Amino acid sequence: METGMNFPQDSRLLHETISRLDIVLWARDYETRRLLYISEGCGRVFGISQEDAFQLSSFVHIVHPHDSMMTAEKIYGGTQQTVEYRIIHPQTGELRWIQTQVRPETDAYGRMKSIHGISIDVTNRKLPVEIMRTQNEVLSLIALGKPLSEILWKIAELTNTQLSGRACSILLVDQERQVFVNGASPGFPDIYQDAMVNRPFRQLNNPSVQAVFSKKPVIVPDVSREAAWEHSAFNQAVMAFGLKSCYVYPILSVDHEVVAVFALYSQTRGEPGEYEPETIESFTHLTSLAIERKENERKIRKLAYYDSLTGLYNRSYFTDKFQQFLDNKHPINGRAALLYIDLDQFKWVNDSLGHDAGDQLLVEAAGRMNGCLSENQILSRIGGDEFAMLVQDIATEAEAFQAAGKIKDCFDQPFSIRGHECRIGLSIGVCLYPDHGLTAGELMKHADTAMYQAKSGGRNKVKLYHPSWNDAVYDRFVLRTQFHNALLEKQFFLHYQPRIELCSGEVHSVEALIRWNHPVRGLISPSEFISLAEESGFIVTLGEWVMREACRQNKAWQDRGYPPLRVAVNVSAQQFRQESFVSKVKEILMETDLHPRFLEIEITESALMDHEERIIQTLHRLNEMGVYVAVDDFGTGYSSLNYLKRFEVNALKIDQTFIRDLQSDRKDESITRMIISLASSLGLDVIGEGVETRHQHDFLLQNGCRHAQGYLYSKPLSAKSMEEQLIRDMQFFSLNPRRGSP
């Protein structure tokens with residue numbers, strides 16, 4: 001493949017580019033583990049110069065002790081790996097997160113020869129996760145009302161863990177006596193306690209007292225060079241402990257009074273590192289919350305009972321409140337409804353536009369629903385994109401559906417998420433008290449089941465719980481466990497739906513459609529098992545089988561002398577985003593001996609909306625191979641049309657939802673004309689799907705669409721019936737010259 005570079009002229013430019021990036025490229029001999037090459041970025045990422053790197057060869061001394069064994073096992077494991085581990089930066093003493101991708105190289109005999117890697121600093125990504133984890137750990141102690149000493153000790157321990165090479169001391173301020181009281185100083189010697197605790201501030205001369213009086217942080221890069229406390233008990237204590245620098249942060253109350261000092265000491269000289277301020281700010285904030293527990297009781301209760309993103313009740317508090325409501329009711333004279341609500345398109349937005357966009361959608365959706373509530377309704381975010389609503393004191397089932405309809409009406413208008421117009425539907429499950437359960441847990445379970453039925457029944461629906469659905473949920477679970485055996489036992493098979501040229505009626509290509517002949521349940525509709533396959537991850541294995549079987553069958557038809565046709569296979573987003581996808585396509589084509597131009601891959605718009613640069617590369621490689629690519633269900637997504645300009649695709653398939661009402665809906669007519677015109681201007685083919693009437697056929701033909709499929713021409717056929725169709729097609733068009741290839 002052409003690289004676009006002229007070596008050796010461009011090698012210097014490449015080297016200079018790599019040297020300026022905050023990445024490290026390296027190579028090691030597999031047997032000796034000797035460093036063969038390392039880029040200049042090692043100084044910025046590992047804190048080790050190139051010269052020192054070759055002398056040291058091993059960087060094990062900077063890897064965090066808890067991660068060293070795992071890191072070595074993965075890097076030298078002999079397989080392609082991605083490993084994340086911590087290092088203690090040799091220059092700053094900071095704890096940093098490194099991500100390394102390792103790829104082994106073998107010689108001509110398959111023996112391990114060397115390992116190549118690329119390492120980057122991912123502290124910016126990992127740090128917020130670690131901070132959130134520690135925050136939750138401490139907040140749970142605060143919410144549970146644990147003793148202050150226990151909470152402060154936990155904060156100090158977590159600080160020492162997250163800020164490797166630092167020692168944390170939290171001292172409380174006794175305002176009346178004007179002295180420090182020990183809060184938590186794990187590992188500090190008695191000499192430090194004697195120098196700091198229970199001694200009047202007027203007798204002390206140290207940075208902690210300075211922070212109390214100034215109410216500002218005090219940063220001391222080198223304790224030994226501060227003449228102000230050179231002969232103080234504090235100086236003697238920290239020097240005896242081998243400490244060389246300290247950073248002290250005052251903890252202020254709501255009245256702006258210093259209630260404690262949060263001190264960090266280090267055995268190295270210098271100021272706080274690049275990544276430390278955010279962590280320090282988190283721990284000082286937690287310390288403030290713990291100390292001011294009574295004054296901040298409202299904030300703590302909110303953190304414990306409310307969802308931090310949307311401000312709604314969280315699942316735990318809502319369930320408790322729901323149960324309290326039920327405990328005060330009697331099944332004879334009190335009724336209530338529980339609505340379980342799921343955002344239908346949330347996963348698409350989250351996966352395609354990113355988690356920040358997903359969070360924005362959740363906040364705006366929660367705001368709309370909260371604005372629709374009546375006095376007798378309580379809304380909660382249960383988790384992810386799921387919400388629950390309690391409708392109290394209703395008299396009829398109709399009132400529950402009325403409440404659900406009111407919530408759905410709030411979503412009639414689209415959301416604007418990062419410049420994308422997103423229309424979001426709601427799948428709502430409804431259950432009634434006491435009809436469907438007497439406890440909060442039971443009703444939540446049944447409402448969830450009803451919601452799932454609404455989603456699997458076509459989405460954007462409201463379903464009332466029915467007891468028989470418990471069996472349906474169990475059946476879906478059982479089906480998920482049977483996928484692999486079904487594939488081994490050849491229970492899956494393909495049908496083929498012809499596509500025709502509208503002007504001649506000649507079969508132009510076929511679409512392969514999977515079917516499942518279950519030994520007990522008989523034929524199972526793809527609408528039942530495809531979503532399960534996606535949930536379980538089996539869709540990748542199943543998709544590869546479909547492609548292989550379709551290519552094998554197409555080649556068999558060609559070998560029997562039938563006119564060459566293109567066979568189309570649907571590829572899920574999960575399958576398409578696999579790094580090995582293109583190589584797997586090549587493998588299947590070589591295995592079946594089918595020319596690439598006779599394979600068509602159908603992908604949905606959502607599959608194109610994530611990791612854009614990688615998608616561009618994948619489509620380019622498929623195009624170079626000669627594989628035909630079509631965008632399926634075009635017009636139903638919420639993406640920018642900009643991708644049609646950037647991505648190498650060959651055709652657009654007009655979704656059948658637009659074609660179904662062509663005769664009665666002018667909007668569908670306009671949209672269909674627009675898609676055909678857009679494709680024509682971009683030099684793309686157009687395929688209409690779901691054609692069932694002559695009017696739809698004529699409309700597509702008159703507006704420039706060349707190909708279509710649907711029950712008007714043929715239902716999906718078995719391989720044998722498809723052969724018979726090809727024979728009839730050959731006989732009918734025997735007097736007309738056929739094209740040689742699709």
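The values are calculated or read from the model by the stated rules, or taken from the named source; none is laboratory data. These figures come from a predicted structure and were not determined experimentally. As a convention, Cβ positions derive from the backbone with ideal geometry for all residues, glycine included, and neighbour counts pool all protein chains shown. Surface accessibility is based on the protein's heavy atoms, side chains included, excluding ligands, DNA and RNA. Shrake-Rupley method; radii C 1.70, N 1.55, O 1.52, S 1.80 Å.
Coupling constants for the range 390-401 follow from the phi torsions by the Karplus curve (6.51 cos²θ - 1.76 cosθ + 1.60, θ = phi - 60°), and in residue order they are 9, 10, 8, 6, 9, 9, 9, 4, 4, 5, 5, 5 Hz; glycine and proline get x.
Between their Cα atoms, which of Lys408/Lys645; Lys461/Lys667; Lys455/Lys645; Lys74/Lys555; Lys406/Lys667; Lys126/Lys154 are more than 31 Å away from each other? With Cα atoms farther than 31 Å apart: Lys408/Lys645; Lys455/Lys645; Lys74/Lys555. Our note on the geometry: Cα centres of the range 562-596 and the range 134-180, 58 Å apart. Once you keep just the Cα pairs under 8 angstrom separated by 6 or more residues, what percentage relative contact order results for the range 169-230? Averaging sequence separation for qualifying contacts and normalising by length gives 23 percent for the range 169-230.
For the range 346-453, the per residue solvent-accessible surface stands at 40 Å², with DNA, RNA and ligands left out and a 1.4 Å probe. Probing with 1.4 Å while keeping every protein chain in the model, the per residue accessible area of the range 209-298 equals 49 Å². The label-point distance for Glu612 and Ser580, in a model that sets each label 7 Å from Cα toward Cβ, rounds to 3.0 nm. Using a 1.4 Å probe, what is the accessible area per residue for the range 54-193, in Å²? For the range 54-193, the solvent-accessible area averages 50 Å² per residue.
Share of pairwise Cα-Cα distances greater than 18 Å in the range 335-462 is 50 percent (whole percent). Distances between every pair of Cα atoms in the range 126-222, grouped in 5 Å steps from 0 to the bin holding the largest one, split as 2, 11, 18, 21, 21, 15, 9, 3, 0 percent. Put a plus charge on the Cβ of each Lys and Arg, a minus charge on the Cβ of each Asp and Glu, and nothing anywhere else: the dipole of the range 317-441 about its Cα centre is then about 100 debye. Note on the range 180-245: with charges restricted to the Cβ of Lys and Arg (+1) and Asp and Glu (-1), its dipole about the Cα centre is near 260 debye.
Helix 355-371 and the long axis of the chain differ in direction by around 90°, with both axes built from C-alpha atoms. Could you tell me the distance between the Cα centroids of the range 34-49 and the range 411-447, to the nearest Å? Here the answer is 53 Å between Cα centres. Contact order for the range 201-270, expressed relative to its length and based on alpha carbon pairs under 8 Å spaced 6+ residues apart, stands at 34 percent. Once the Cα atoms are used to define both axes, helix 719-732 deviates from the longest principal axis of the chain by about 50 degrees. The Rg/Rh ratio for the range 598-727 is 0.99, where Rg is the radius of gyration of the alpha carbons and Rh is the Kirkwood radius. In terms of the mean number of neighbouring beta-carbon atoms within 10 Å, the peptides 312-321, 184-193 order highest first as 312-321, 184-193. When you restrict to C-alpha pairs under 8 Å that are six or more residues apart and normalise by the size of the chain, the relative contact order lands at 7 percent. For the chain, the mean residue ellipticity at 222 nm estimated from helices alone is -13000 deg cm²/dmol, where every DSSP H run of n ≥ 4 contributes -39500 (n - 2.57) and the total is divided by all residues, rounded to the nearest 500. Residues Ile23, Ile727, Ile341, ordered by accessible area of protein heavy atoms at a 1.4 angstrom probe radius and largest first, appear as Ile727, Ile23, Ile341. Taking every protein chain into account, the 1.4 Å probe leaves Ser527 with about 90 Å² of accessible area, to the nearest ten.
Working note: Karplus 6.51/-1.76/1.60 with θ = phi - 60° gives the range 206-212 the couplings 7, x, 5, 5, 4, 5, 5 Hz, where Gly and Pro are set to x. Values of log10 I(q)/I(0) for the chain across q = 0.06, 0.10, 0.11 Å⁻¹ run -0.56, -1.22, -1.30, by the Debye formula with one identical scatterer at each alpha carbon and no solvent.
Seen against the Cα atoms of the chain and their longest principal axis, helix 526-536 is set at about 30 degrees.
Remark: the chain carries a charge dipole of roughly 460 debye about the Cα centre, counting +1 on each Lys and Arg Cβ and -1 on each Asp and Glu Cβ. Across all directions, the average flat footprint of the convex hull enclosing the Cα atoms of the range 51-128 is 6.0 nm². For the chain, the fraction of 1.4 Å probe accessible surface lying on carbon and sulfur atoms is 49 percent. Evaluating 6.51 cos²θ - 1.76 cosθ + 1.60 at θ = phi - 60° for every residue in the range 213-221, the Karplus couplings come out as 6, 7, 6, 9, x, 10, 10, 10, x Hz, glycine and proline recorded as x. When the charge dipole of the chain is built from unit charges on Cβ atoms (+1 for Lys and Arg, -1 for Asp and Glu) and taken about the Cα centre, the candidate among Ala550, Met239, Ala260 whose Cα reaches farthest toward its positive end is Ala550.
Shape descriptor for the range 512-569: Rg over Rh equals 1.07 (Cα atoms; Rh from the Kirkwood inverse mean 1/r).
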